[in-house]
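Chemist: The structure is given below, and queries will be raised subsequently.
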Amino acid sequence: MRFELSTAGRIVFGAGAVQEAGEIVEGMGKRPLVVTGSNAERAQPLLSLLDGRRLGTTTYAVTGEPDVDTVRQGAARARDEKCDCVVGFGGGAALDAAKAIAVLVTNPGDVLDYLEIVGRGKTLTEVPVPMMAVPTTAGTGTEVTRNSVITSPEHRVKVSLRSPLILPKVALIDPELTYTLPSALTATTGLDALTQLIEPFVCTRANPFTDGLCREGITRVVRSLRRAVESGRTVATRGVAGAPGAAAAREDMAVASLFGGLALANAGLGAVHGIAGPLGGMVQAPHGALCAALLPGVAAANLYALRRRVPRSEALGRYAELAQLLTGSPGAAGDEVAKWLRGLLADLRIPGLGAYGVGSEHIPELVEKAAAASSMKANPVELTRDELTSIVESAL
């Protein structure tokens, strides 16, 4: 047994924790670049805290998923404004952009010099400017991961800028920032969190540290995702927290998202992300929705392949335990995983990939890109091209 633990330099979690942001940023620098999502107004409470510290704040809004130009322009903005630290405030897109910008401020050259697969894959060597990640959704866990997911429109693929240097100096997670998320976004980000707990649990690099995180995180998703989604439907009529018990549900999902990020960063992922990454570069769709549509088919395909090619694999026992965690039934078998997941997708009204314009004509290109994806390396069994094709077909 051998494993390592890498995470953010400091993790601050709790309702109202965002109130500590001003003091934390003041300890990192005097001229922060605040990277936000497309709705920069959501960051106004944070910006007010920074203004109260008389910091020379510059803002940079990210519209949609970050691509190579988004990162180039953000890094140039930070250099021009002489920013000495970066704060990411928003969903996974804003945080991924902020992480990439922080390292490119100090590392020379272009983002493509450092990107894996489609770029030169050079190693980042210079310490980035200090960066704090403040997620406003509960799904990606990117506040504690050592990669930044970036789209290359030229290559029609999402790939990673990957290095231990990308880990934020501080991850600040305040569940209250997720209270007003609409139900659809709560569902897709929550399913992203669930995927990032399931895949590290069954992958070839699972270890005792990540196992504990995954078991705890999955338990929280099972008991709270539906309630959190419902709170997103009722928030307008019942106040800030939405439905009864919504605050506890939102906290559960924030914990699950954090644990998923810790698990994937220190174990690995699998075929869901191996397919969803390239697919995200081919169509416009929420990452969590793509993962959700693929999740049941990947579970079924992995079980099929394991039983036929690796019948003594430890992963078969893990799928049985996963079934028990999901269903609450001590006698549940691995086959229950895909069935339970399909029921969850139906309850949360998650459409298939066809709703995002994915058709049979995309499958050959997608399968080839997925087979080469880095996430595939930790899948519990190597899947054939035919098996990958069947997964995508089942998700349409």
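The numbers here are math on the coordinates, done by the rules we state, and not lab data. This is a predicted model, so every value here is computed, not measured. Quick reminder, even Gly has a Cβ in these numbers, built from the backbone with ideal geometry, and neighbours come from all protein chains shown.
Chemist: Only helices at least 15 Å long along their own axis, judged from Cα atoms, and with Kyte-Doolittle mean hydropathy of 1.6 or greater: name those in the chain from DSSP H. Could you put the intermediate results ahead of the total?
Modeler: On the way: long enough: 68-80 (18 Å, -0.87); 92-104 (18 Å, 1.48); 183-202 (28 Å, 0.80); 208-238 (44 Å, -0.37); 246-266 (30 Å, 0.86); 271-282 (17 Å, 0.97); 287-309 (31 Å, 0.63); 314-327 (20 Å, 0.23); 336-347 (16 Å, 0.21); 385-395 (16 Å, -0.27).
Long hydrophobic helices here: none detected.
Chemist: Could you tell me what a quarter of the Cα convex hull surface of the range 10-178 works out to, in nm² with one decimal place?
Modeler: 8.5
Chemist: Among 372-378, 135-141, 39-45, how do they line up from the highest to the lowest mean number of other beta-carbon atoms within 10 Å? Before the final figure, lay out the partial values.
Modeler: Values: 372-378: 18.3, 135-141: 28.6, 39-45: 14.3.
So the order, starting with the most tightly packed, is 135-141, 372-378, 39-45.
Chemist: Highest first, please rank the peptides 27-33, 98-104 by the mean number of other Cβ atoms sitting within 10 Å of their residues.
Modeler: Working: 27-33: 19.3, 98-104: 30.3.
Top to bottom by mean Cβ count within 10 Å: 98-104, 27-33.
Chemist: Would you mind computing the Rg to Rh ratio of the range 138-195 from its alpha-carbon coordinates, Kirkwood style for Rh? Before the final figure, lay out the partial values.
Modeler: Details: Rg = 13.8 Å, Rh = 13.3 Å.
Looking at the range 138-195, the ratio lands at 1.04.
Chemist: Would you please put 297-304, 357-364, 380-387 in order of how densely packed they are, using the mean number of other Cβ atoms within 10 angstrom per residue and starting with the highest? Each step should come with its number before you reach the end.
Modeler: Values: 297-304: 24.1, 357-364: 13.4, 380-387: 17.6.
Ranking, from highest mean packing down: 297-304, 380-387, 357-364.
Chemist: Please report, largest first and rounded to whole Å, the three semi-axes of the ellipsoid equivalent to the chain, where each semi-axis is the square root of five times an eigenvalue of the C-alpha gyration tensor.
Modeler: Working: eigenvalues 211, 120, 72 Å².
Equivalent ellipsoid of the chain: 32, 24, 19 Å, largest first.
Chemist: Now, a different point. Under 16 Å between alpha carbons: how many lysine pairs meet that in the chain, if sequence neighbours fewer than 8 apart on the same chain are excluded?
Modeler: Values: K30/K82; K30/K169; K99/K158; K99/K169; K158/K369; K369/K377.
Counting lysine pairs in the chain gives 6.
Chemist: Check which residues have an amide H placed less than 5 Å from I11's amide H, if you skip close sequence neighbours.
Modeler: So I11 has HN proximity to A171.
Chemist: May I pose another question? About its Cα centre, how strong a charge dipole does the range 347-396 have in debye, to the nearest 20, once Lys and Arg get +1 and Asp and Glu get -1 at the Cβ?
Modeler: Working: 4 positive and 8 negative charges, 38 e Å.
Roughly 180 debye for the range 347-396.
Chemist: Please report the spacing between the Cα centers of the range 186-202 and the range 311-328 in Å, no decimals.
Modeler: Measuring centre to centre over Cα atoms gives 16 Å.
Chemist: Can you give the net charge of the other residues whose Cβ lies under 15 Å from the Cβ of E321, counting K and R as +1 and D and E as -1?
Modeler: Numbers: positive: R215, R318; negative: E199, D211, E216, E314, D335, E336.
So the environment of E321 carries a net charge of -4.
Chemist: Also: Can you show me the helix-derived [θ] at 222 nm for the chain, built from DSSP H runs with n ≥ 4 at -39,500 (n - 2.57) apiece and divided by the number of residues, rounded to the nearest 500. Could the numbers behind the result be given before it?
Modeler: On the way: 13 runs with 194 residues, N = 396.
Value at 222 nm, helices only, nearest 500: -16000 deg cm²/dmol.
Chemist: Could you give me the radius of gyration and the Dmax of the range 184-395, taking only the C-alpha atoms into account and expressing both in angstrom?
Modeler: For the range 184-395, the Cα-based Rg and Dmax read 16.6, 54 Å.
Chemist: Scan around G90 for amide H atoms under 5 Å from its own, H built in the peptide plane at 1.01 Å from N, and keep only partners 5 or more places away or cross-chain.
Modeler: Those lying under 5 Å, H to H, from G90 are V134, T136.
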